[in-house]
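Trainee: Can you keep this structure in mind? I'll have questions shortly.
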Amino acid sequence: MKPDKILLDHGSGGKISHGLTADLLLPVFDNPALAMLDDGATLNVLGGRIAFSTDTYVVDPIFFPGGGIGDLAINGTVNDVAMCGATPLYLSVGMIIEEGFPMADLERVVAQMGRAAKLAAVTVVTGDTKVVPKGAADKIFINTAGIGIIPGNVNVSGANARSGDVVILSGTMADHGMTILTQRQGLVFESNLKSDSAPLNHMVADILRTGCDIHVLRDPTRGGVGTTLNEISGKSNIGIRIYEDRLPVKPAVTGICELLGFDPLYVANEGKLLAFVPADQADRVLTAIQRSPYGEDACIIGETVDEHPGRVFMKTRIGGERIVDMLTGEQLPRIC
Amino acid sequence: MTLKHSQDFHDPRIARHLAARITRISRKPVRFMEVCGTHTVAIFRSGIRSLLPETISLLSGPGCPVCVTAQQEIDAFIALAREPETIVATFGDLIRVPGSGSSLQREKADGADVRMVYSTFDAVALARENPDKRVVFLGVGFETTAPTVAAAILAAHQQRLDNFSVMSAHKIVPPALEALADGTINIDGFLLPGHVSVIIGMDAYRSFFEAHRVPCVVAGFEPSDLLQSIAMLVDQVESGRPALENAYPRAVSPAGNPKAMAVMNEVFAVGDADWRGIGTIPASGLAIREKYAAFDAFRVFDIRLKPAPEPKGCACGEILTGMKIPPQCPLYKTVCNPMAPVGPCMVSSEGTCAAYYRYHGDG
């Protein structure tokens with residue numbers, strides 16, 4: 001049953017979202033920069049290279065432990081630009097605000113954006129504000145776009161994973177997604193969960209400063225680490241093996257995931273990155289990540305393998321092996 | 001159960017020891033059926049299949065409540081979503097299940113008010129907050145969920161919430177075991193469901209076991225629980241001494257949970273039920289008693305189930321009864337996948353086809 005209407009699944013970040021991009025958008029906008037489908041586009045401009053990226057933020061609730069839609073909108077685009085190996089410099093901000101939205105809340109959102117931009121050392125240089133009648137949008141939606149400069153010797157892309165690489169994850173999985181979920185109506189947990197929303201551009205700069213041969217940088221947001229690894233294995237046409245017992249997840253997040261039937265591998269992160277680097281340089285990169293802000297829990301979670309190109313496998317804690325597939329639609333809770 | 005406790009059951013040393021023991025003692029080729037969808041997923045996720053010897057085949061049974069829900073019931077759920085001034089509250093798994101012409105997800109995109117809830121009590125709260133709307137909860141599940149649905153009906157009764165109702169498609173497990181054991185499929189042992197057994201207790205399987213003398217072990221959900229249970233089944237098969245055993249004693253008692261059973265029996269009466277792939281099984285469903293008729297969506301909305309054929313070519317029925325495994329279905333991965341599911345086994349997170357698709361690759 002092929003849907004003739006947009007369903008929530010189309011926005012999940014998983015296979016169904018990918019189908020929409022591949023079937024509808026790519027044929028129309030057909031160009032090599034877009035076809036790379038990285039977190040941002042890499043463009044040749046005036047003899048140099050820039051990274052350009054955009055993202056739209058519709059999170060509900062708009063304020064949550066660890067952040068809010070304001071800092072998320074800045075950090076998310078900063079990170080997408082940084083994942084191209086670029087130094088993010090300038091951002092645009094477009095806001096769609098629902099009629100009746102409290103001015104105090106708007107001030108709080110804008111203050112969050114200001115603090116986040118300062119922390120990431122980026123400048124918001126242009127913007128737009130639209131107000132729509134009550135009910136035509138829910139509270140506030142924010143779009144940001146960003147550009148940054150890619151240093152001459154840097155060449156990172158989801159298509160560059162190679163044989164002999166290890167996979168580094170910069171910290172614990174699923175903090176953001178489970179925080180948002182537990183904040184939603186009807187799910188009251190006593191926990192100290194908070195979103196990991198954070199700018200990763202300084203971490204990326206620290207990684208690049210090692211001089212190591214960085215092949216891939218990606219931030220596993222919607223769809224989680226599992227989906228991002230599948231994208232990388234597909235684009236690089238290489239197999240990836242990860243180890244269940246190395247995957248970092250906070251105990252409280254593990255507990256709530258188990259309770260609600262979520263797999264942390266597919267839950268969104270907003271302040272984590274995946275790096276693919278040659279095994280013999282991994283220690284240097286890992287140390288750089290661990291020393292940078294937001295990277296203290298970084299670890300090596302797996303490696304590329306020559307078998308099964310395009311597929312991700314997991315060695316389970318008890319020594320078994322299974323496939324890690326891409327998220328298909330919205331993750332659903334268990335029913336029995 | 002604390003988290004630490006649960007992690008003990010992930011201990012790789014215990015699991016490897018159990019897997020090695022199974023490989024050592026298993027001689028006869030056997031087919032074991034896990035009757036619970038949560039078991040199916042836990043087995044795949046932990047990679048247990050890759051640790052078992054070739055002598056052991058694991059089949060998934062009719063233990064995914066969404067999957068065994070009959071097509072005409074799915075169609076009735078969708079019809080409820082089209083009722084004016086009505087909020088349909090459901091667990092998430094049902095939302096994408098295809099009916100004969102639509103799904104709750106499509107109805108939602110068309111403007112129907114379909115809400116995903118995590119508890120039946122959230123649906124009761126919806127009814128309280130929306131006094132001018134009718135709120136109907138789609139009751140799908142086994143003995144695990146039926147008591148909480150019953151408790152929600154009792155709460156609505158107490159609060160005199162006359163805009164709350166439940167369309168009960170609940171089913172109970174032991175009669176399905178009877179239907180499977182009487183069928184054409186040869187099953188050498190059953191991994192009995194852990195959560196259901198917490199409620200109904202070991203004793204509920206006694207008459208089934210005495211009638212069929214087939215190896216039965218109630219299993220928990222951690223990797224070591226499952227391997228331990230498989231080892232116990234192999235022991236029974238190899239020794240030729242079938243038994244009804246409990247490998248989940250930290251949660252399952254002989255009598256189960258009498259309080260939960262009492263609440264369930266207060267609200268629900270046992271009746272015949274249609275199961276996808278199996279057909280009508282006598283005394284296998286739970287219908288709302290006359291006393292609580294005001295909360296019975298069948299009466300409130302005057303629902304008449306219309307016969308509906310199962311999707312053409314879909315082998316869900318044979319997969320639910322262990323007669324086929326998903327790669328043997330001609331639609332599997334060709335036209336049926338989690339993005340465009342033909343049958344519920346591909347869409348429910350506990351469905352066998354979805355588990356194969358997600359965790360098993362091309363095998």
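Readers should treat all values here as calculations from the given coordinates under stated rules, not as data from a laboratory. None of the values given here were measured: they were computed from a predicted structure. Because the Cβ atoms are built from the backbone with ideal geometry, glycine has one as well, and the counts that use them run over all protein chains shown.
Trainee: At A:LEU25 and B:GLN159, where each label point lies 7 Å from the Cα along Cα→Cβ, what is the point-to-point distance in nanometres?
Mentor: 4.2
Trainee: Taking the Cα centre of the protein assembly as shown as the origin, how large is its charge dipole in debye, to the nearest 20, when only Lys and Arg (+1) and Asp and Glu (-1) carry charge on their Cβ atoms?
Mentor: It works out to roughly 660 debye.
Trainee: Angle check, please: helix B:71-81 long axis (alpha carbons) against the longest principal axis of chain B (alpha carbons), in degrees 0 to 90, nearest 10.
Mentor: It is inclined by approximately 40 degrees.
Trainee: Quick one: check the C-alpha center-to-center distance for the stretch B:209-251 versus the stretch B:259-293, whole angstrom.
Mentor: Rounded to whole Å, the Cα centres lie 27 Å apart.
Trainee: With the dipole of the stretch B:237-304 worked out from charges on the C-beta (+1 for Lys and Arg, -1 for Asp and Glu) around the Cα centre, which of B:ALA293, B:GLY240, B:ASN257 lies farthest toward the positive end?
Mentor: Working it through, the farthest residue towards the positive pole turns out to be B:ASN257.
Trainee: Using a simple charge model, +1 on the beta-carbon of Lys and Arg, -1 on the beta-carbon of Asp and Glu, nothing else, what dipole does the stretch B:4-116 show about its Cα centre, in debye to the nearest 20?
Mentor: 1060
Trainee: Output the relative contact order of chain A, whole-number percent, from Cα pairs under 8 angstrom with separation of 6+ residues.
Mentor: Relative contact order for chain A comes out at 22 percent.
Trainee: Right, something else. Points 7 angstrom from Cα along the Cβ direction at B:ILE25 and A:VAL125: gap in nanometres?
Mentor: According to this spin-label approximation, the distance is 7.2 nm.
Trainee: Return the distance in nm (one decimal) between the two label points of a simple spin-label model at A:ARG162 and A:ASP138, each offset 7 Å from Cα along Cα→Cβ.
Mentor: For A:ARG162 paired with A:ASP138, the spin-label model returns 4.5 nm.
Trainee: Nearest 5 percent is fine: what portion of the DSSP beta bridges confined to the protein assembly as shown is antiparallel?
Mentor: Counting DSSP beta bridges with both partners in the protein assembly as shown, the antiparallel share is about 55 percent.
Trainee: While we're looking at this one, here's another question. May I ask for the longest run of chain A untouched by GluC sites (Glu not before Pro) that are loop-located per DSSP and have at most 10 neighbouring C-beta atoms (other than their own) within 10 Å?
Mentor: Longest stretch, sites excluded: A:1-189.
Trainee: Can you sort A:THR77, A:THR179, A:THR144 from fewest to most other Cβ atoms within 10 Å of each residue's own Cβ?
Mentor: A:THR179, A:THR144, A:THR77
Trainee: List the lysines whose Cα sits under 24 Å from the Cα of A:LYS315, skipping any in the same chain fewer than 8 residues away.
Mentor: A:LYS15, A:LYS235, A:LYS250, A:LYS272, B:LYS4
Trainee: Give, rounded to the nearest 20 debye, the magnitude of the charge dipole that chain B has about its Cα centre when Lys and Arg contribute +1 at Cβ and Asp and Glu contribute -1 at Cβ.
Mentor: Roughly 660 debye, rounded to the nearest 20.
Trainee: Straight-line reach from B:LYS133: which lysines have a Cα under 25 Å away, not including same-chain ones fewer than 8 places off?
Mentor: A:LYS134, A:LYS139, B:LYS108, B:LYS291
Trainee: Here's another thing I want to ask about it. May I ask you to sort A:CYS84, A:CYS212, B:CYS353 by Cβ crowding, counting other Cβ atoms within 10 Å and putting the fewest first?
Mentor: With the sparsest Cβ surroundings first, the list reads A:CYS212, A:CYS84, B:CYS353.
Trainee: Taking the Cα atoms only, what angle lies between the long axis of helix B:146-158 and the longest principal axis of chain B, rounded to 10 degrees?
Mentor: Once rounded, the angle reads 20 degrees.
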